[in-house]
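First comes the structure, then the notes that go with it.
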Amino acid sequence: MAKMWAGRSAGGTAKAADDFNSSIAVDGRMYEEDILGSLAHAEMLAGCGVISYAEFGEIAEGLKGILADIKEGRLPLDPDAEDVHMFVEAELTSRIGDAGRKLHTARSRNDQVATDMRLYLRKESGEVISLIKELMRAVLSQAKATKDYILPGYTHLQRAQPVVFAHHLLAYAMMLARDAGRISDAVRRMNVSPLGSCALAGTTYDTDRIFTAKKLGFDGVCLNSMDGVSDRDFCVELISAFALVMTHLSRFAEEVVLWTSSEFGFAELDDAYTTGSSIMPQKKNSDMAELVRGKTGRVYGDLMAMLTVLKGLPLAYNKDMQEDKECVFDALDTVKACLGIFAPMIATMRPNKENMYRAAGKGFINATDLADYLVGKGIPFRTAYKTVGEIVAYGIKTDKTLEELSLEEYKKFSDLFDEDLYDAISLASCVRRRTSEGGTGAASVERQIKFVEGFVK
Ligand code: ARG
C-alpha cells in the first residue's frame with residue numbers, strides 16, 4: 001500500500017504488516033482532538049509566516065468539514081488507515097490539495113499523538129470526575145436516610161463496635177473524594193503542550209509553541225522536546241488513579257454482596273440491578289457489584305501493561321508507545337462503566353434497619369463501652385478491659401447479652417456497677433457518645449454530610 005511517508009522505501013509494505021501496524025481502531029476516537037490540534041497548528045504556521053493566511057483558511061475549512069462529516073456519520077474512519085493522524089491528513093489533502101500537504105510542516109506525528117492524547121484524556125478525566133460525583137450523590141442520599149440505622153462495625157469481619165450506616169457509607173464518599181482529587185492532580189501535570197516538539201529535536205522553522213498551547217487550553221509547554229514526545233507519565237498517573245477508584249469500588253462491591261446475602265440481610269438491591277439464576281428460582285444475584293469487583297483486575301492489568309511498555313524504552317519516540325492507548329482507553333472505559341452502574345445501584349438500594357439492629361444486638365459489640373463505663377468510675381482502662389473480658393466470657397457461658405445480665409450478676413465482677421450501666425451500653429448511646437472528630441456520633445456524621453454536599457456541588 002502506498003504511504004504518505006513512501007519515499008525512502010520503494011518496496012511497499014505487506015498487507016499483514018499494515019494490519020499489524022495500524023492503530024486507527026484504537027486511536028480513531030481521538031479524531032476531534034486531532035483536528036483541533038491541527039487547526040491550532042495551522043493557525044500558528046500562518047501567524048509565523050510559514051504558510052499564508054489563505055492556505056490556513058483552506059486548511060481550516062477543510063478540517064472543519066472533515067470534523068462535521070465524521071461527527072454526523074458521513075465520513076467513516078477508514079479501517080485500513082495507519083492511524084487517525086494519517087487518516088485526517090490524507091482526507092484533508094484529497095479535499096484541498098497542496099494546502100493540505102503543508103499542514104505537517106514543523107510538526108511530527110510524535111508531538112501530534114502526544115498532544116491528542118493529552119487533550120483527549122483531559123476531557124475524559126472531567127467525565128470520570130463527574131461520574132465519581134454522581135456516585136457520591138447516591139452515597140449521600142443513602143447516608144442522609146440512614147443516620148439512625150445502627151449496625152455492627154467490623155474489624156477482621158468480626159462484629160466490633162456499633163456504628164450508624166450513614167457513617168459506614170460516608171467512608172466511601174471520602175475515598176471517592178480523594179479519587180477525584182488524584183485525577184485532578186494528574187490532569188494538572190498532564191496539561192502542558194508537547195506540540196511543536198516535532199519529531200524529537202524541535203524545528204528550524206520560526207514557530208510559536210506558546211500560541212498553540214494557549215489555543216488548546218494548555219497551561220504551558222513541555223520544556224524539553226525529547227521529553228515532550230516520549231513522556232507518557234500522564235498515562236501511568238491516570239491509570240493509577242483509575243486503579244485506585246477500582247480498588248474502592250471493589251471493596252464497596254464486596255460489601256454490597258455481603259449486605260445483600262441472606263446471612264447479613266442488611267440491604268436489598270433493586271430488581272433493576274440484580275439478575276436471577278437460570279436454574280435456581282429463588283436467586284437474586286448482585287451481578288453488577290460482582291462484575292465491578294471482577295473488572296478491577298482489568299484495570300490493574302492496564303496499569304501494569306502501561307508501566308511495562310515504557311520500561312527500557314530509549315529516548316525519544318518508539319513504536320512501542322502506540323500500545324499506550326490500548327491500556328489507558330481500556331482503563332478509562334472500564335472505570336466509566338463501573339461508576340456508571342454503581343451510582344444508580346447504590347441510589348436504589350434499600351437498607352434494612354431491623355436486620356442491621358438485630359445483628360448489632362449480638363456479639364457483645366458494646367463491650368468497649370462497658371469498659372469505658374468502669375473507666376468513668378475511676379478504674380484504669382486495662383483493668384476495666386480485663387473485668388469486662390470476664391463478664392463477656394460469663395455472658396457467653398450463660399447465653400446472655402450484656403444488656404440481659406442483671407445488676408446482681410454485674411456486682412459479682414465489680415461493685416462500681418450501678419443501674420446507669422444499662423444506659424451506658426445501649427446501642428443508641430454507644431453511637432451517640434462517640435462524639436470525637438470523625439467518629440460515628442451525630443455531629444460528626446453531619447459534618448461529613450456537609451463536606452460531601454460541598455464537594456459534589
Ligand atoms: N500511531 C502512532 C502512535 O500512536 C502515531 C505516532 C507515530 N509516529 C511514528 N514515528 N511512527 O504512537
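Could you give me the residue pairs with C-beta distances under 8 Å whose first residue belongs to the stretch 391-414 and is closer than 20 Å to residue 427 by Cα, whose second residue is part of a loop (DSSP other than H, G, I, E, B) and among the β-branched types (Val, Ile, Thr) wherever it lies, and which are 6+ apart or on separate chains?
Here the result reads 395/401, each pair linking the stretch 391-414 to a residue that is part of a loop (DSSP other than H, G, I, E, B) and among the β-branched types (Val, Ile, Thr).
Does residue 118 satisfy the condition of being out of contact with any Cys (no Cβ under 8 Å at 6 or more places or on another chain), at pLDDT 95 or above and open to solvent by 20 Å² or more (accessible area, probe 1.4 Å)?
Taking the combined requirement at face value, the residue does not satisfy it.
When you scan the stretch 215-265, how many residues do you find that are in a helix (DSSP H, G or I) and under 20 Å from residue 331 (Cα atoms)?
21
Inside the stretch 380-425, can you point out the residues that are among the charged types (D, E, K, R), more than 18 Å from residue 362 (Cβ to Cβ) and not in a helix (DSSP H, G or I)?
412, 415, 418, 419, 420
Can you say whether residue 180 is open to solvent by less than 10 Å² (accessible area, probe 1.4 Å), closer than 29 Å to residue 440 by Cα and at pLDDT 95 or above, as far as the supplied structure shows?
Yes.
Take the residues of the stretch 75-89 that are among the aliphatic types (A, V, I, L, M) and within 14 Å of the ligand (Cβ to nearest atom): which is farthest from residue 203 (Cα to Cα)?
Only one residue fits best here, namely 77.
Would you say residue 134 is more than 30 Å from residue 171 (Cβ to Cβ) and away from the ligand (no atom under 16 Å from the Cβ)?
On the way: more than 30 Å from residue 171 (Cβ to Cβ): no; away from the ligand (no atom under 16 Å from the Cβ): yes.
No.
Inspect the stretch 273-284 for any residue being among the hydrophobic types (A, V, I, L, M, F, W, C) and touching a residue at least 12 places away in the same chain (Cβ under 8 Å) and give the result as yes or no.
Let us first name the residues in the stretch 273-284 that are among the hydrophobic types (A, V, I, L, M, F, W, C), namely 279-280.
Still in the list and also touching a residue at least 12 places away in the same chain (Cβ under 8 Å): none.
Checked against the condition, which is being among the hydrophobic types (A, V, I, L, M, F, W, C) and touching a residue at least 12 places away in the same chain (Cβ under 8 Å), the stretch 273-284 yields no hits at all.
Among the listed residues 362, 353, which satisfies the condition of being open to solvent by 10 Å² or more (accessible area, probe 1.4 Å), within 26 Å of residue 428 (Cβ to Cβ) and modelled with pLDDT of 95 or more?
Step by step, each of 362, 353 is checked, and only 353 is open to solvent by 10 Å² or more (accessible area, probe 1.4 Å), within 26 Å of residue 428 (Cβ to Cβ) and modelled with pLDDT of 95 or more.
Could you run through the stretch 298-342 and say how many residues are away from the ligand (no atom under 14 Å from the Cβ), of a type in the set (A, V, I, L, M) and open to solvent by less than 10 Å² (accessible area, probe 1.4 Å)?
5
Any idea which of 106, 68, 99 is open to solvent by less than 40 Å² (accessible area, probe 1.4 Å) and within 16 Å of the ligand (Cβ to nearest atom)?
Details: 68 fails: within 16 Å of the ligand (Cβ to nearest atom); 99 fails: within 16 Å of the ligand (Cβ to nearest atom).
Result: 106 is the single residue among 106, 68, 99 that is open to solvent by less than 40 Å² (accessible area, probe 1.4 Å) and within 16 Å of the ligand (Cβ to nearest atom).
So which pairs qualify, if the first residue must be in the stretch 310-327 and farther than 21 Å from residue 26 by Cβ, the second must be within 10 Å of the ligand (Cβ to nearest atom) and aliphatic (A, V, I, L, M), the Cβ gap must be under 8 Å, and the two must be at least 6 apart or on different chains?
Close Cβ pairs (under 8 Å, with a partner that is within 10 Å of the ligand (Cβ to nearest atom) and aliphatic (A, V, I, L, M)) amount to 315/200; 316/199; 316/200; 316/229.
Picking from 38, 23, which residue would you name as being within 16 Å of the ligand (Cβ to nearest atom) and farther than 27 Å from residue 210 by Cα?
Within the list 38, 23, the selection yields 23.
The values are calculated or read from the model by the stated rules, or taken from the named source; none is laboratory data. Bear in mind the structure is a predicted one, so any value in this text is a computation, not a measurement. Backbone-built Cβ (ideal geometry, glycine too); neighbour counts: all protein chains shown. Protein only, heavy atoms only, side chains kept; ligands, DNA and RNA dropped before computing areas. Shrake-Rupley method; radii C 1.70, N 1.55, O 1.52, S 1.80 Å.
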